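The values are calculated or read from the model by the stated rules, or taken from the named source; none is laboratory data. Remember, predicted model here, so these are calculated numbers, not experimental data. Cβ atoms come from the backbone with ideal geometry, glycine included; neighbour counts cover every protein chain shown. Note: areas computed on protein heavy atoms with side chains; ligands, DNA, RNA excluded. Shrake-Rupley method; radii C 1.70, N 1.55, O 1.52, S 1.80 Å.
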Amino acid sequence: GPEVYLEGMNRKYLKIPKGTLPPDSTYCFQLSFSVSAQQAGIGQWTGTATDSTCITVIGRAVVARIRGGKRKVAVDKSFKLDGSLSYDPEKAKENWKELQYIWRCDPADGTGECFTGTAAPVDMTRSVLKVPANALTGGSEYKFTLTVISDVRSRSKAARVYVKVSSSPV
């Protein structure tokens, strides 16, 4: 595996700073100890010992968050669901832009489809889902699922939101 240079070693312990070892990897450490001494009545003696241990660093789950859910919208109005507050706790904040977003829409009752008719296409791969007016059938309820994927790890986390589309103004 990859070699990692660690500072801060002393005779009693090894301190590994947070974020030094990337998640979802196994790291093996080997400690070798040798001593040589002159002892009265025994003379010169030497001793050595070696031990090793392996650890697996487990990454924390990606966090998916949705703003703008659990509401009613009129069928002739557009609306947004915002997943931009989602993040990967294993990455620095400036690297959150590397996350991938996949939105899914399903009728809440499990039958039929979303986005039927002549509505404009909906981009399901951005942090903010923009649903155009008349894209959904009035009087129906839909379940939107956002899956956020870190390009470092294959884990994803889903969050669900229900949007009631009414055929009358809200």
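Excluding ligands and nucleic acids, what accessible area in Å² is computed for Lys77 using a 1.4 Å probe, to the nearest 10?
120 Å²
State to the nearest 20 debye the size of the charge dipole of the range 20-118 about its Cα centre, where the only charges are +1 on K and R beta carbons and -1 on D and E beta carbons.
Computed charge dipole of the range 20-118: roughly 600 debye.
Which lysines, on any chain, are close to Lys18 with Cα under 29 Å apart, when same-chain ones fewer than 8 places away are left out?
Excluding near neighbours in sequence, the set is Lys91, Lys93, Lys97, Lys157.
Probe 1.4 Å, all protein chains in place: accessible area of Tyr87 in Å², nearest 10?
50 Å²
Show me, for the range 59-74, the HN-Hα J-couplings you get by feeding each phi into the Karplus relation (A = 6.51, B = -1.76, C = 1.60, θ = phi - 60°), rounded to Hz, glycine and proline as x.
x, 6, 5, 4, 10, 9, 10, 10, 9, x, x, 6, 8, 9, 10, 6
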